[in-house]
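Have a look at the structure below, then the notes.
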Amino acid sequence: MSVYLYHHHVSVCATKSRLALEEKGVPWTGELIDLRGSQQHKQDYLSINPFGLVPVLVHDGRVIPESTVINEYVDAVFEGPALRPKDEYKLAQMRVWTRMLDENVHAAIGVLTTSIAYRHVPQHRSQISNQIDPYKKTRKVSSFDEGIENPHFKTAIKRMDMLLAHIEEALGGNGPGQAMAGGGPDYLLGNYTLADLNFAPYMVRLDCLQLQFLYENRPRVAAWYERIKARPAVQRAVFDWFKHDESWTGLMKQQGDSVQPRTRELLAEALAVS
Ligand SMILES: N[C@@H](CCC(=O)N[C@@H](CS)C(=O)NCC(=O)O)C(=O)O
């Protein structure tokens, strides 16, 4: 059996799929893609994934892109602890969480990261110029060129605030709305599932960018995040890989600290507008 992952040591989506493999205990190998060198936009890589994105899983020669799809596949085909609920209703609830991540939480975290940190790396500008998806390119260019004052920043931080409000409510068991009720107290659906796992790298990213104030008044979110960080698979899939090149997380911390007072203000301004 061969399990091969094209990934990147810090990328949230790639981390997400490493995490699924580690939680399941699947032996895997892989290759780090040089994102800032635009390796993902070269013909060799595009012939594997025409979207020019990591991660991509290759299982016995079969190619699967998209981290959410990869993670469901990994849970379905490999032995190890189940990461999806057996109950179909809970499975549907899990997919509501993982879908909202793909729909706009991922875009929001990209805007926050580029606006705060990656804009300080000139090479990142050429990576952005080569982006294949035009929506993503527009957001990223604006984030790079204008930093945290770009119009997408307030939208992004407001979206992350909304997400954490929903998670706080879900862990309390009563929502958000009837659609998401019945979760908690430890994890979003009771037991640890892909709903929690898929968000883990995004929580870590908020931490890296010094945006912990988003959950300073959300005790259930804070405890949930601590619970997630304590999982050995999270150590292996997330923090051990950060050591590969700590300049990435170092930059996020340094720039995150320096703009934190303004990011707090921008959140307050965004929340004041309905
Ligand atoms: N929906 C995709 C998103 C993948 C994605 O945006 N990957 C980023 C890293 S988190 C990437 O490869 N960026 C390189 C680039 O855009 O040039 C997934 O979940 O796999």
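The fewest-to-most ranking of LEU19, LEU266, LEU91 by surrounding Cβ atoms within 10 Å reads LEU91, LEU266, LEU19. With the largest listed first and rounded to whole Å, the semi-axes of the equivalent ellipsoid of the range 89-198 from the Cα gyration tensor are 32, 14, 11. Here the Karplus relation 6.51 cos²θ - 1.76 cosθ + 1.60, evaluated at θ = phi - 60°, turns the backbone of the range 250-259 into coupling constants of x, 5, 4, 5, 4, 6, x, 4, 5, 9 Hz, with x for every Gly and Pro.
The alpha carbons of the range 3-77 occupy a box of 31, 24, 19 Å along the principal axes, longest dimension given first.
In summary, the lysines within cross-link reach of LYS140, defined as a Cα separation below 19 angstrom excluding same-chain residues under 8 places away, comprise LYS154, LYS158. Computed over the range 88-272, the quotient of the alpha carbon radius of gyration and 2.2 N^0.38 Å is 1.04. If only the Cβ of Lys and Arg carry +1 and only the Cβ of Asp and Glu carry -1, the dipole of the range 130-247 around its Cα centre is close to 220 debye. Separation of the range 53-116 from the range 220-237 is 18 Å, based on Cα centroids.
For the chain, the relative contact order comes to 21 percent (Cα pairs under 8 Å, sequence separation of at least 6). Per-residue Cβ neighbour counts within 10 Å put CYS208, CYS13 in the sequence CYS208, CYS13, beginning with the fewest.
Counting every other Cβ atom within 10 Å of each residue's Cβ, LEU171, LEU163 order from fewest to most as LEU171, LEU163.
Cross-link partners for LYS90 among the lysines, with Cα-Cα distance under 25 Å and sequence neighbours closer than 8 places in the same chain left out: LYS16, LYS24, LYS229. If R0 is 22 Å, the Cβ-Cβ spacing of ASP60 and GLU31 corresponds to a FRET efficiency of close to 0.85.
We did not get these values from a lab; they are worked out from the coordinates using the rules stated. Source: prediction; values computed, not measured. With ideal geometry, Cβ positions are generated from the backbone for all residues, glycine too; neighbour counts draw on all protein chains shown.
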